[in-house]
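J.: Submitted below is the structure of interest, expressed as structure tokens.
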Amino acid sequence: MPGFSVNKDSIKDNEAVISGTDQKHTAKVLRIKAEDNITLFDSGSNECYGNISSVGKTSIETEIYKRDKRESPLNIILLQGLSKGDKTDYIVEKANREKLHSPHT
């Protein structure tokens, strides 16, 4: 079952919409059609399973039948050598930002 990352706003109640370049890739390259199963990952920690209800020219509509919370079983530790100047601050800032936006936290 193919999986796609979508914006959290694209999922409402038990429906999701895939649009833009993801729609083109899904319809043209993967040749997804109505009644196919699909997995969607939002920008939070949600994993949604659904069936394609329609494939249009600009969007693909999906009916969601199951939702799960995704959490990684991995405990990741970031090691970083000392850097010159404010590069260490930049590295820490990006590591914290990725932790907040990572679907596996």
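Read the figures in this text as sums done on the coordinates, not as results from a lab. For clarity, every value in this text was computed on a predicted model and none was experimentally measured. Positions of Cβ are generated from backbone atoms using ideal geometry, with glycine treated the same way; all protein chains shown enter the neighbour counts.
J.: Give me the count of lysine pairs in the chain whose alpha carbons sit under 20 angstrom apart, restricted to pairs 8 or more positions apart or on different chains.
T.: Qualifying lysine pairs in the chain: 14.
J.: Determine the sum of side-chain charges near A27: Lys and Arg each +1, Asp and Glu each -1, restricted to other residues whose C-beta is under 13 angstrom from that of A27.
T.: Working: positive: K24, K28, R31, K33, K57; negative: D22, D36, E61.
Spelling it out: positives minus negatives among the neighbours equals +2.
J.: Under a 10 Å cutoff between Cα atoms, tell me which one of A34, A16, A95 has the largest fluctuation in the Gaussian network model of the chain.
T.: A95
J.: If you add up the charges near N51, with Lys and Arg at +1 and Asp and Glu at -1, over every other residue whose beta carbon is less than 9 angstrom from its beta carbon, what do you get? Display every interim value, and only then the final one.
T.: Numbers: positive: none; negative: E35, D36, E63.
Net charge around N51: -3.
J.: Which distance in Å, rounded to a whole number, links the C-alpha centroids of segment 1-45 and segment 60-97?
T.: Using only Cα atoms to place each centre, the spacing works out to 22 Å.
J.: With the chain treated as a Gaussian network of Cα nodes joined by springs under 10 Å, which of Y65, Y49, Y90 yields the largest mean-square fluctuation?
T.: Y90
J.: A further question follows. For P(r) over Cα pairs in 5 Å bins from 0, in percent, one of (i) 2, 11, 19, 22, 19, 12, 8, 4, 1, 0; (ii) 2, 10, 13, 21, 18, 13, 9, 6, 4, 2, 0; (iii) 2, 11, 20, 17, 13, 10, 9, 8, 5, 3, 1, 0 was computed from the structure I shared and the rest are decoys. Which label?
T.: Given (i) 2, 11, 19, 22, 19, 12, 8, 4, 1, 0; (ii) 2, 10, 13, 21, 18, 13, 9, 6, 4, 2, 0; (iii) 2, 11, 20, 17, 13, 10, 9, 8, 5, 3, 1, 0, the structure-derived one carries the label (iii).
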